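What follows is a set of notes on a single structure, which appears directly below.
The values are calculated or read from the model by the stated rules, or taken from the named source; none is laboratory data. Predicted model only: the values in this text are computed from it and were never measured. Cβ placement follows ideal geometry from the backbone for every residue including glycine, while neighbour counts extend to all protein chains displayed. Accessible surface is based on the protein model in full, side chains and every heavy atom, while ligands, DNA and RNA are left aside. Shrake-Rupley method; radii C 1.70, N 1.55, O 1.52, S 1.80 Å.
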Amino acid sequence: MRRALNLTRYYRFIMYAIVVVLVNVAGATLFFRVDLTSSRVYSLSRASREAVATLSEPLTIKVFFTGNLPAPYNNIERYLGDLLQEYAVAGNRYFNYEFFNVSSDGDERARQNQEAARNYGVFPVQIQKIEQDEMKFQTAHMGMVFIHGDIIETIPTITSTEGLEFQVTSTIRKMNNKISALLSLKENISVKLFLSSSLEVVAPYMNLAGLSDLPGETEKLVSRLNEKNYGRLAFSHLDPSRDADGRREAEGHNILSLRWEEFKDRKGRTIPADSGYAGIIVGHGDRREEIPLIRVVRIPVFGTQYLLAEMEELEGDIENTIENIIDVNEKTGYLADHGTHPLETTQGAFGQPGTEPLSRFGSLLSAEYTVTPVKIKEEGIPEGIRSLIIAGPREPFTDYDLYQIDQFLMKGRNLAIFLDPFEESAPQGGMAMGGGPAASRPIETGLEKLLAHYGITVKKSYIMDENCFKQSISRAFGGGERPIYFAPIIKSEFINNDVPFLKNIKGLIMLKASPVEIEDEKIKKAGLKAEKLFSSSERSWEMAEGINQNPLFMQPPTQEDAYRQMAIAYTLEGPFPSYFADRPVPVKEEETEGEGTAGKGAADKAKGGVTPTLLTTAETIEKGKPGKIFLIGTSEILKNNVMDDEGRSPNAQFIMNVIDYANDREDNAVMRTKAQRFNPLMDVGPATRTFVKTANIVGLPVIVVIAGLFVWFRRKSRKRMVQEMFGKA
């Protein structure tokens with residue numbers, strides 16, 4: 001009987017061993033992982049999966065990473081291997097990666113790999129390690145190379161896993177966009193010319209020479225562009241005057257419409273009343289963008305002027321629009337006049353330093369976008385950009401400037417506005433010379449009335465907060481900390497993490513911010529959606545009068561009712577109503593100079609003798625396509641003392657996420673911040689802190705004692721039960 005029992009144990013052991021081996025075999029072939037982190041740090045983002053799934057040309061990643069590095073660098077190699085494995089699973093057959101042995105004590109093959117790494121621009125770096133209680137230095141390769149067609153990109157040094165996925169995906173996307181975007185299109189890009197033949201009748205009176213040749217010239221232009229776009233362009237010409245479907249389509253796309261009343265020219269010929277459309281629509285899938293063919297400008301004395309687009313200008317506009325539609329070299333506009341902060345250093349008048357540049361913000365912005373300077377005063381807002389950044393304007397906008405911004409928004413484009421309430425000027429002689437505090441002048445640009453029409457305003461006051469940045473004071477001045485009330489710290493609980501691009505932002509710091517308020521009734525009536533992004537703490541108050549930002553003279557209010565929580569940033573989305581819906585199209589004020597007899601004569605000549613009231617301009621878009629507005633009451637957060645060079649701080653990532661939001665790239669924003677390491681502890685009371693501390697110290701010993709008592713009582717009970725069993729027998 002004992003022998004049979006032993007055989008049964010052997011059989012059971014063998015079966016267990018077989019099961020273990022089979023489980024390991026299954027695990028090797030059916031590999032899977034479970035990512036339990038809240039922000040899915042160890043899982044690929046949707047943007048990353050899409051980047052490698054749409055490859056149309058072979059992409060090879062060569063990793064030159066020295067093995068057996070000390071902590072924490074050994075974790076980088078392991079994380080990078082897992083990350084590339086995830087890319088390989090999500091990617092198509094064109095994605096490949098390979099690790100190369102570049103160990104310094106390796107064989108001839110390792111030395112060849114080191115030489116190859118240097119040729120690609122991956123050079124060894126020095127790292128520290130502790131060995132036998134001694135600090136030593138070691139050289140190591142920690143870089144990777146991307147090869148896509150004839151294009152090579154390099155990440156020469158990887159010293160952290162933070163943001164590594166964003167870096168890899170951005171590089172892949174950049175290369176992939178250059179080569180494969182056009183090849184991966186399932187359908188051609190349509191280039192539709194809407195030009196009514198009825199316009200040919202009035203073209204001579206509008207100084208639109210060559211209008212009748214425009215369809216043929218445009219077709220030739222598109223044919224030339226086709227050679228550079230893998231034959232993906234499909235040209236068509238629609239005449240809304242003869243084609244009812246074309247007319248309906250032109251109306252649906254808000255193509256420029258011109259109407260005129262019946263009039264007689266100088267020769268007495270009667271021109272009947274009619275209308276016509278002119279414009280180009282470039283589209284792919286659900287995305288459409290309009291390129292104007294005729295610019296309409298109202299100039300006093302000269303009257304309404306019509307300017308036909310030049311072929312060279314049209315070629316650039318079509319190319320830019322194509323790249324925008326298929327997301328190659330995403331463009332964003334940056335307002336470069338009206339006293340906004342420059343992105344680069346500029347020289348002021350008489351050799352004085354110019355306005356403080358936003359060089360760090362500009363560097364981060366240009367790394368991911370093609371920044372188009374927008375000079376509304378001189379050139380207007382160009383086509384082909386999806387968003388316009390307005391950072392700290394100081395000079396007033398004319399109604400003509402506001403009209404362009406309004407109509408830009410009506411076309412379904414987006415605005416990111418950083419609006420300052422005050423402009424500070426240094427006291428004469430400086431504070432050290434007894435000149436008093438800096439003077440603050442309210443800024444009135446005119447943007448305020450435009451935003452108020454949409455239902456959102458920035459108040460003329462500063463937010464002060466007891467929950468703010470604390471400045472350390474030197475011992476020579478008494479030591480301790482000094483609160484900087486105009487630099488509120490935004491805690492995680494005051495950030496709206498339901499907004500995708502704020503999902504992983506755990507804290508921010510603001511600087512000289514103003515409250516942002518919305519009009520609920522107006523927003524609801526317009527069918528817009530408002531989202532409060534974050535707000536100050538409950539212990540904040542407003543400084544609206546007697547602005548003095550010297551921390552020495554700042555004191556919190558003594559009345560409790562002065563404290564309240566205030567919103568600092570909002571987004572608005574939806575079809576905005578135009579500010580100029582019930583107003584005439586404003587004139588360009590710069591053109592008022594030169595008014596006189598000669599100008600009047602030129603105007604008459606330009607109009608070919610037509611009475612000015614006979615020709616009417618295009619209608620203002622009264623209700624726009626769905627667009628977005630981001631508004632915050634400060635531009636101080638864009639300055640170099642708040643932004644960091646690498647864009648890894650929560651503030652820098654928040655700003656770049658806002659730009660992604662304004663360019664409809666929220667997936668990119670989520671990927672950027674999912675590895676955000678700033679995770680501040682939750683504020684708790686003294687009693688909670690004491691309880692947690694006590695539990696950590698005595699909790700484990702108490703659990704061990706309780707477990708020991710449980711085991712002791714169980715053994716004792718079992719022993720008693722066995723004694724009773726055999727005692728009865």
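A few remarks follow.
- Filter result for Val201 (at pLDDT 90 or above and assigned to a helix (DSSP H, G or I)): no
- Matching residues, region 344-362, being assigned to a helix (DSSP H, G or I) and at pLDDT below 85: Ala349, Phe350, Gly351
- Qualifying residue in region 490-513 (condition: β-branched (Val, Ile, Thr), within 28 Å of Gly412 (Cα to Cα), open to solvent by less than 40 Å² (accessible area, probe 1.4 Å) and modelled with pLDDT under 90): yes
- The residues listed here are Tyr73, Tyr11, Tyr97; of these, the one that is surrounded by 10 or more Cβ atoms within 10 Å (Cβ to Cβ), touching a Leu at 6+ places or on another chain (Cβ under 9 Å) and not hydrophobic (A, V, I, L, M, F, W, C) is Tyr97.
- Among the residues of region 223-236, the one identified as under 14 Å from Leu195 (Cβ atoms) and buried (at least 16 other Cβ atoms within 10 Å of the Cβ) is Phe235.
- Any hit, region 460-476, residues being in contact with a Gly (Cβ under 6 Å, 6 or more places away or on another chain), open to solvent by 10 Å² or more (accessible area, probe 1.4 Å) and hydrophobic (A, V, I, L, M, F, W, C): yes
Quick grid of which residues meet (1) part of a loop (DSSP other than H, G, I, E, B); (2) surrounded by 15 or more Cβ atoms within 10 Å (Cβ to Cβ); (3) at pLDDT 85 or above; (4) under 22 Å from the mean Cα position of the chain (by Cα):
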| site | (1), (2), (3), (4) |
| --- | --- |
| Ile381 | yes, yes, yes, yes |
| Leu402 | no, yes, yes, no |
| Phe408 | no, yes, yes, yes |
| Ala432 | no, no, no, no |
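- Here is the figure for region 150-172: residues that are surrounded by fewer than 16 Cβ atoms within 10 Å (Cβ to Cβ), within 18 Å of the chain's Cα centre (by Cα) and among the hydrophobic types (A, V, I, L, M, F, W, C) total 0.
- Candidate set: region 272-303, residues that are of a type in the set (Val, Ile, Thr), touching a helix residue (DSSP H, G or I) at 6+ places or on another chain (Cβ under 7 Å) and open to solvent by 10 Å² or more (accessible area, probe 1.4 Å); chosen: the one modelled with the highest pLDDT: Ile299
- Of the residues making up region 258-270, not a single one is assigned to a helix (DSSP H, G or I), aliphatic (A, V, I, L, M) and open to solvent by less than 90 Å² (accessible area, probe 1.4 Å).
- Enumeration of residues in region 553-582 that are in contact (Cβ under 8 Å) with a residue 60 or more places away in the chain and more than 14 Å from Asp465 (Cα to Cα): Phe553, Ala569, Tyr570, Thr571, Leu572, Phe576, Pro577, Ser578, Tyr579, Phe580
- Search result, residues across region 520-530 that are exposed (fewer than 15 other Cβ atoms within 10 Å of the Cβ) and either part of a strand (DSSP E or B) or at pLDDT 95 or above (or both): Lys529
- Selection within region 62-81 - of a type outside the set (A, V, I, L, M) and part of a loop (DSSP other than H, G, I, E, B): Thr66, Gly67, Asn68, Pro70, Pro72
- Considering region 644-729, the qualifying helices (runs of 4 or more DSSP H), each wholly inside and each with 3 or more residues that are in contact (Cβ under 8 Å) with a residue 24 or more places away in the chain and open to solvent by less than 100 Å² (accessible area, probe 1.4 Å), run over 650-662, 666-673.
- Selected residue (criterion: nearest to Asn229 (Cα to Cα)) from residues of region 181-198 that are assigned to a loop (DSSP other than H, G, I, E, B), open to solvent by 10 Å² or more (accessible area, probe 1.4 Å) and among the small types (Gly, Ala, Ser): Ala181
- The condition of being open to solvent by less than 90 Å² (accessible area, probe 1.4 Å), among the basic types (Lys, Arg) and in contact with a Gly (Cβ under 6 Å, 6 or more places away or on another chain) holds for Lys625.
- Checking Ala244 against (1) hydrophobic (A, V, I, L, M, F, W, C); (2) surrounded by 13 or more Cβ atoms within 10 Å (Cβ to Cβ); (3) closer than 30 Å to Lys186 by Cα, the condition it does not meet: (2)
To keep it simple, each residue is scored yes or no on (1) more than 30 Å from Gln114 (Cβ to Cβ); (2) in contact with a Cys (Cβ under 6 Å, 6 or more places away or on another chain); (3) open to solvent by less than 90 Å² (accessible area, probe 1.4 Å); (4) modelled with pLDDT under 85.
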{"position": "Arg2", "(1), (2), (3), (4)": "yes, no, no, yes"}
{"position": "Val19", "(1), (2), (3), (4)": "yes, no, yes, no"}
{"position": "Phe31", "(1), (2), (3), (4)": "yes, no, no, yes"}
{"position": "Val34", "(1), (2), (3), (4)": "yes, no, no, yes"}
{"position": "Ser39", "(1), (2), (3), (4)": "yes, no, yes, yes"}
{"position": "Glu50", "(1), (2), (3), (4)": "yes, no, no, no"}
{"position": "Phe64", "(1), (2), (3), (4)": "no, no, yes, no"}
{"position": "Tyr87", "(1), (2), (3), (4)": "no, no, yes, no"}
